[in-house]
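Heads up: the structure comes next, in structure tokens.
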Amino acid sequence: MTTSTTDSTERILDAALALFEDVGIRRTTLEDIARRAGVDRVTVYRRLGSKSDVVEAVNAREARRIFALVFDTASKSATAADRIAVGFATVVHRLWTHALINRLLRLEPESSLPKMTTEATELIRIAVAGTVEMLEQAVRDDLLPPADDYPARAEIMVRLAHSFIVTPQGHLPLADEADLLDFARAYVVPIITGGLSPA
């Protein structure tokens, strides 16, 4: 993509995100998105496709933004255990408090819940890739030993986080990010680092 094409695509995604947060996905049309982005409907369709494609693109971009922020935050920790705990706690808390997710769950649970569960394969893939990179960075920083199964360990961490994101309330008293950090240090870190030799 050229710079101008990239800029217009970002404008379209920004417009779609704002509208989804304001009125929900169901009440947003491609015409609404085009008008808010300052382009015509054909441009939206040419850049991103149908409304369903726009929804997927917005979701994927939001996921990448959140995970980039989460893993940047985690990378500042001095130990592998802290990086894992911070990564887990931060992503769960960010998504608990995410404006679009909360609005869609309130306004359109019948369409938004599948996007977060049975249709969340792409979001899980993005999260696993980011988690693998976080673990491999810890290897490069001599905080973890090399291992062949980091993709599997990363997927375990992501699926645990996904469960807490989709169903926040349970038996455990996890009310805020500090609670999530304590939980992650006690239970998530041993699962992810179990069986590894010292770095």
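Residues in the range 137-159 that are among the acidic types (Asp, Glu) and either touching a residue at least 60 places away in the same chain (Cβ under 8 Å) or surrounded by fewer than 16 Cβ atoms within 10 Å (Cβ to Cβ) (or both): ASP141, ASP142, ASP148, ASP149. Which ones in the range 122-175 are of a type in the set (Gly, Ala, Ser) and outside any helix (DSSP H, G or I)? ALA147, GLY170, ALA175 - these are the residues of the range 122-175 that are of a type in the set (Gly, Ala, Ser) and outside any helix (DSSP H, G or I). Return the only residue of GLU133, GLU155, GLU122 being farther than 26 Å from ALA81 by Cα and not hydroxyl-bearing (Ser, Thr, Tyr). So the residue among GLU133, GLU155, GLU122 that is farther than 26 Å from ALA81 by Cα and not hydroxyl-bearing (Ser, Thr, Tyr) is GLU122.
I'm checking my understanding of the structure. Among residues of the range 83-131 that are touching a residue at least 60 places away in the same chain (Cβ under 8 Å) and among the acidic types (Asp, Glu), which one is farthest from ASP22 (Cα to Cα)? Checked the range 83-131; the qualifying residue farthest from ASP22 (Cα to Cα) is GLU122.
Checked against (1) over 21 Å from SER75 (Cα atoms); (2) assigned to a helix (DSSP H, G or I); (3) over 19 Å from the mean Cα position of the chain (by Cα), ILE101 meets all criteria but (3). The sole residue among ARG27, ARG35 that is of a type in the set (Lys, Arg) and assigned to a helix (DSSP H, G or I) is ARG35. Scanning the range 169-196 for residues that are surrounded by 13 or more Cβ atoms within 10 Å (Cβ to Cβ) and touching a residue at least 12 places away in the same chain (Cβ under 8 Å) returns GLU177, LEU180, LEU181, PHE183, ALA184, ARG185, VAL188, VAL189, ILE191, ILE192, THR193, LEU196.
Taking the numbered list (1) in a loop (DSSP other than H, G, I, E, B); (2) among the β-branched types (Val, Ile, Thr); (3) surrounded by fewer than 18 Cβ atoms within 10 Å (Cβ to Cβ) in turn, THR73 passes all entries but (1). Of all residues in the range 73-84, one or more are of a type in the set (Gly, Ala, Ser), assigned by TED's automatic domain parsing to the domain that holds ARG153 and farther than 23 Å from HIS162 by Cα.
Selection of the range 42-61 for residues being within 14 Å of the chain's Cα centre (by Cα), surrounded by fewer than 19 Cβ atoms within 10 Å (Cβ to Cβ) and free of Cβ contacts under 8 Å to residues at least 60 places away in the same chain yields ALA57, ARG61. Name the residues in the range 38-70 that are in a loop (DSSP other than H, G, I, E, B) and under 30 Å from GLU133 (Cβ atoms), would you? Correct list: GLY49 only.
The values are calculated or read from the model by the stated rules, or taken from the named source; none is laboratory data. Please read these numbers as outputs of a predicted model, since none were measured by experiment. Here Cβ is always computed from backbone atoms with ideal geometry, including for glycine, and neighbour counts include all displayed protein chains.
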